[in-house]
Each structure stands twice: as structure tokens, then as C-alpha cells.
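To start, I am sharing the structure in question, which I have written as C-alpha cells.
What follows is calculated from the coordinates using simple rules that are stated; it is not laboratory data. This structure is a prediction, so every number in the text was calculated from the model and none was measured. Cβ atoms come from the backbone with ideal geometry, glycine included; neighbour counts cover every protein chain shown.
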Amino acid sequence: MVNVALALSFLSAMLFSPGGRVLRATLGQPLLQGLPPYQAHLLLAFANYLIPAVVFYGSLRLLHAETWLRHRTRTSGLLGAANVLFVLYVAARTFASTIEGGGASFAVMSYGVLVVWPALLMLIVGLGTLAYRSIQQRADPPEAASRPFGIGEGLILIAAVAVPGSVAVFTLFLAEDAPIRLAREADAVFQSLCQSAGEKIAVAPQSVEGVYLEPNSERYFDKIAKGTYAGHGSGQVGNPLVFTGFLRYFEESNARRSVPGAARYLKHGLNDWKGAPEDALTSNYGIFQEKIDIGNHGGSDVKVLGIEGTQVVVKDLRTGQITATLTYFTNARLRKICGHSGADRFSVRDFIKRALNLTPRFPNGATQASTGAAKG
């Protein structure tokens with residue numbers, strides 16, 4: 001009976017993922033994605049496999065399935081082999097999620113298809129054969145006597161859910177570093193900080209050819225829906241703007257400026273990765289980014305909560321006037337962002353385009369490449 005209950009549990013998880021649906025509906029997909037990977041895997045295993053297995057076993061026992069299921073050694077062996085393969089795969093994925101870098105998890109998922117699909121096929125064949133034989137032979141005498149559902153058996157089923165369930169509740173909700181408790185606390189702090197977020201463009205200059213960037217880096221967020229992002233990353237600001245023709249050049253601080261005789265700045269044009277040394281800026285505008293020191297907001301350590309804030313300032317270097325500002329906050333635990341313009345994608349580079357009224361009007365990398373190909 002345990003063999004059949006496990007098989008039904010794995011099959012339902014593969015086809016419908018009932019536990020995952022319940023978790024996403026109650027906790028939310030962003031919160032689940034914000035959990036440490038191994039905790040997310042264990043929680044999904046508990047909801048997707050263990051609870052359904054207990055429910056299926058209890059249901060089969062209450063229906064006295066031992067009297068009408070027509071087991072055969074070959075069918076039982078097929079279901080048992082499939083169950084073992086699924087258990088090994090779930091264990092491997094959980095273990096791989098504890099290894100930083102993601103390489104181990106990627107390898108398990110890549111080769112897991114060689115395990116999951118054969119195991120799924122074995123489950124379907126085994127359960128289908130068992131169901132067909134049980135229906136075909138339903139008029140035959142029972143192969144086993146009916147057993148009453150005893151108190152001891154019920155207590156074992158309750159313990160099978162209650163013990164790991166209690167551990168999960170304590171670990172995720174009640175412990176000092178409980179991720180779900182911290183996520184809810186982070187959301188309250190995040191919403192408070194977001195009241196000061198947003199972008200302001202006081203002056204949108206015309207005909208900007210180059211900018212000074214401090215630093216020449218940015219963060220970007222993709223597929224933003226209702227303030228929740230699906231993907232994020234980081235990169236450079238200046239090189240893409242020059243390559244696409246929005247700027248003729250950009251300037252940045254020289255990393256070797258502390259060396260005697262070294263220039264203070266580097267000026268980069270199209271495909272000029274090395275940069276020309278210079279001691280004075282030629283750009284009329286500068287873009288300055290710095291982290292917002294939000295310390296312990298409301299008595300909570302924002303680093304533990306996964307909250308970061310960044311301020312981007314656009315300044316006229318000739319007069320010192322601030323022409324535009326952007327303040328945005330991110331909540332890594334819930335994958336939220338605030339302060340952006342409301343589009344489904346946000347990047348510092350896009351804000352710079354708006355703040356400086358940039359359009360693609362300079363030679364760009366694509367034009368240069370096509371010209372070179374034509375000459376060749």
C-alpha cells in the first residue's frame with residue numbers, strides 16, 4: 001500500500017504539483033524564490049510528495065484497497081523502482097542546492113531528465129496496469145482480508161506530517177533567522193522606504209555628447225509586474241551607450257590615478273576600451289551613483305532583510321546644479337523594486353537616457369561593423 005501511495009504522490013506532483021500550487025497561492029512565488037534554495041526544495045518536497053503520500057495512503061486504507069487492488073510482483077517491482085528513482089532525484093536536487101554557484105544544481109537538472117522521464121513512464125505503466133487488472137478482476141474473491149484502520153496507524157500518519165511540518169514551521173516562521181518571518185518584516189520596511197523613492201527630472205538638456213560616470217556600472221531588472229521583478233543583473237553604463245550611438249564618448253576615473261604621474265581620468269570613444277588619459281573632464285554632465293545608508297530601519301538590519309537603496313544624481317559639472325535624481329530600493333527576499341518609472345524593465349542606463357534627453361545620433365558599433373564588412 002505504501003508503494004502505491006508513493007507512486008500516486010510522485011505522479012500527482014509531476015502532473016499537477018498540488019503542493020507547489022498551494023504554496024504559491026499562500027506564500028507567493030517571489031517569497032518562495034527568495035528562500036535559500038535548499039529550504040525551498042525541502043518545503044516543496046514536504047508539500048508536493050510527503051503530504052499527498054500520506055493522504056493517498058490514508059484514503060486507500062479507508063477504502064480497504066487491500067481487498068480490491070490486484071497486485072503482481074512485476075507491477076510492484078516497477079512502482080518500487082520508479083519510487084526509488086524519484087527519491088534519489090529529489091535528494092540529489094536538494095543536496096546540490098546547498099552548493100554555492102549553481103553549477104551542481106544545473107548538472108543535476110541537466111542529467112535528471114535521464115532519470116525523471118523513465119521513472120514517470122514506469123509510474124504510468126505500473127499504475128495503469130494495476131488499475132486495469134483491479135477493474136478486470138473486480139468480481140474475483142479478495143486477495144487479502146480487510147484490515148481495520150487502527151488508532152496506531154492513524155497516529156503514525158499524523159506524526160508523518162506533524163513532525164516535519166513542525167520543523168518546517170519553526171525553521172521558516174519562528175526561528176531567529178526564519179526566512180518567511182524576515183521576508184514579511186522586510187516587506188514592511190521596504191514599503192516604508194519606498195515613500196521616498198522615485199525619479200525627478202528638473203532639466204532635460206539638449207545635444208549632450210559625453211558624460212562622466214562615477215561609477216561606470218549599473219543594475220537592471222527585467223519583467224517587472226506590480227513591482228515584482230523576475231530577473232536582474234549588472235553591467236556597464238558607458239560602453240553600451242557609446243556603442244549604440246547615444247553618446248559620442250564617456251569619461252570615468254582612472255583606476256590607477258593614485259600612481260605617480262598617472263592621469264586622473266580616462267576618456268572612451270567608440271570601441272576604445274583602453275581609454276585616453278586626461279587630467280581634466282570635457283563632459284558637461286556627470287552621473288553619480290551611491291548606496292543609500294539606511295542603517296537599521298525600524299530596529300531591523302536591512303542587510304539581513306535583503307533591502308538595498310541606491311541614489312543616482314545627474315549634475316551639471318559647469319554649475320554644480322543637480323538636474324535629475326533617481327532613488328530606488330530593492331527587496332531581494334521578495335524580488336521587489338520601487339522608484340522606477342513603472343515600465344516592465346528598469347535600468348540606470350534607461351534613466352540616464354531620459355534625464356539627458358539622449359537619442360541615437362552618433363556613429364555606433366553596428367554602423368561601423370557594416371561599413372567594415374562592406375570594405376572587406
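Under a plain spin-label model, where a point goes 7 Å from the Cα along Cα-to-Cβ, how far apart in nm are residue 171 and residue 288?
4.7
Additional query: What residue among 317, 31, 50 shows peak mean-square fluctuation when the chain is described by a Gaussian network model with Cα springs under 10 Å?
Maximum fluctuation in the GNM of the chain, among the listed residues, is at 317.
Ranking 258, 347 by Cβ neighbours within 10 Å, fewest first, what do you get? Each step should come with its number before you reach the end.
Details: 258 8, 347 21.
So the ranking, lowest neighbour count to highest, is 258, 347.
Taking 0.36 nm per residue of sequence separation and subtracting the Cα-Cα distance, how much length would be gained by fully extending the chain between residue 225 and residue 25, in nm to one decimal?
Difference between extended and current length: 70.3 nm.
With the contact rule set at Cα under 8 Å and sequence spacing of 6 or more, what percent relative contact order holds for the range 2-175?
Contact order relative to length: 32 percent.
Separate question: Per DSSP helix of 4 or more residues, -39500 (n - 2.57); summed, then divided by the residues of the chain. What does that give at 222 nm, rounded to the nearest 500?
-14500 deg cm²/dmol
While we're here: Calculate how steeply helix 2-15 sits against the longest principal axis of the alpha-carbon atoms of the chain, using the helix alpha-carbon long axis, and give the answer as 0 to 90 degrees to the nearest 10.
30
Another question, if that's okay. Taking the chain as a Gaussian network, where each spring joins two C-alpha atoms under 10 Å apart, which residue of 63, 35, 326 fluctuates the most?
Comparing 63, 35, 326 in the GNM, the peak value goes to 63.
Let a ≥ b ≥ c be the square roots of the eigenvalues of the Cα gyration tensor of the range 47-97; is it rounded (a/c under 1.5), or, if not, prolate (a/b larger than b/c) or oblate?
oblate
How much length would be gained if the chain were fully extended between residue 14 and residue 276, taking 0.36 nm per residue of separation minus their Cα-Cα distance, in nm to one decimal?
Working: separation 262, 0.36 × 262 = 94.32 nm, distance 5.81 nm.
Using 0.36 nm per residue and subtracting the Cα-Cα distance, I get 88.5 nm.
Would you calculate the separation in nanometres between label points at residue 115 and residue 206, each defined as 7 Å from the Cα along the Cα-to-beta-carbon direction?
So the label points at residue 115 and residue 206 sit 6.6 nm apart.
Something else about it: Filter the trypsin sites (Lys or Arg not before Pro) in the range 103-181 to those in DSSP coil with at most 14 other Cβ atoms within 10 Å of their Cβ, and list the result.
Passing sites in the range 103-181 are 138.
In the structure displayed, which of 274/315; 267/303; 267/336; 226/303 lie more than 28 Å apart, Cα to Cα?
From 274/315; 267/303; 267/336; 226/303, over 28 Å: 267/303; 267/336.
Averaging over all projection directions, find the projected area of the Cα convex hull of the range 183-375 and quote it in nm² with one decimal place.
One quarter of the hull surface, i.e. the mean projection, equals 13.4 nm².
In addition: Only Cα pairs under 8 Å and at least 6 apart count here; give the relative contact order of the range 242-287 as a rounded whole percent.
That works out to 32 percent.
Most fluctuating residue of 255, 65, 230 in a GNM of the chain with Cα springs under 10 Å: which is it?
Between 255, 65, 230, it is 255 that shows the largest mean-square fluctuation.
Taking the Cα atoms only, what angle lies between the long axis of helix 365-375 and the longest principal axis of the chain, rounded to 10 degrees?
That works out to roughly 80 degrees.
Moving to a separate point now. As an exercise, use a Förster radius of 56 Å and the Cβ-Cβ distance of residue 304 and residue 67 to find the FRET efficiency, rounded to the nearest 0.05.
Calculated value: 0.50.
Calculate the radius of gyration of the Cα atoms of the chain to one decimal place, then report Dmax, the largest Cα-Cα distance, as a whole number, both in Å.
When restricted to the Cα atoms of the chain, Rg and Dmax are 30.0, 98 Å.
Which is the longest stretch in the chain that no exposed loop site breaks, taking sites as GluC sites (Glu not before Pro) with a DSSP loop state and at most 10 other Cβ atoms within 10 Å?
177-376
With only alpha-carbon pairs counted, each pair once and no self-pairs, how large is the Kirkwood hydrodynamic radius of the range 2-175 in angstroms?
Values: mean 1/r = 0.0563 Å⁻¹.
Result for the range 2-175 stands at 17.8 Å.
Estimate the FRET efficiency between residue 145 and residue 192 by the formula 1/(1 + (r/R0)^6), using the beta-carbon distance for r and 56 Å for R0, to the nearest 0.05.
0.30
Any idea what the dipole of the chain comes to, in debye rounded to 20, about its Cα centre with Lys/Arg Cβ at +1 and Asp/Glu Cβ at -1?
800
Using the number of other C-beta atoms within 10 angstrom as an exposure proxy, rank 149, 351 with the fewest first.
Taking fewest neighbouring Cβ atoms as first place, the list is 149, 351.
Between residue 357 and residue 217, how high is the FRET efficiency from 1/(1 + (r/R0)^6) when r is the Cβ-Cβ distance and R₀ = 25 Å? Nearest 0.05.
Working: r = 22 Å, r/R0 = 0.90.
So, using R0 = 25 Å, E works out to roughly 0.65.
Once you put a point 7 Å from the Cα of residue 161 and another 7 Å from the Cα of residue 99, both along the Cβ direction, what distance in nm separates them?
3.5
Would you mind calculating the gained length between residue 138 and residue 343 on full extension (0.36 nm times residue separation, minus the Cα-Cα distance), in nm to one decimal?
Length gained between residue 138 and residue 343: 67.7 nm.
To continue, here is another question. Normalised by the residues of the chain, what does the relative contact order come to in percent, with Cα pairs under 8 Å and at least six apart?
That works out to 17 percent.
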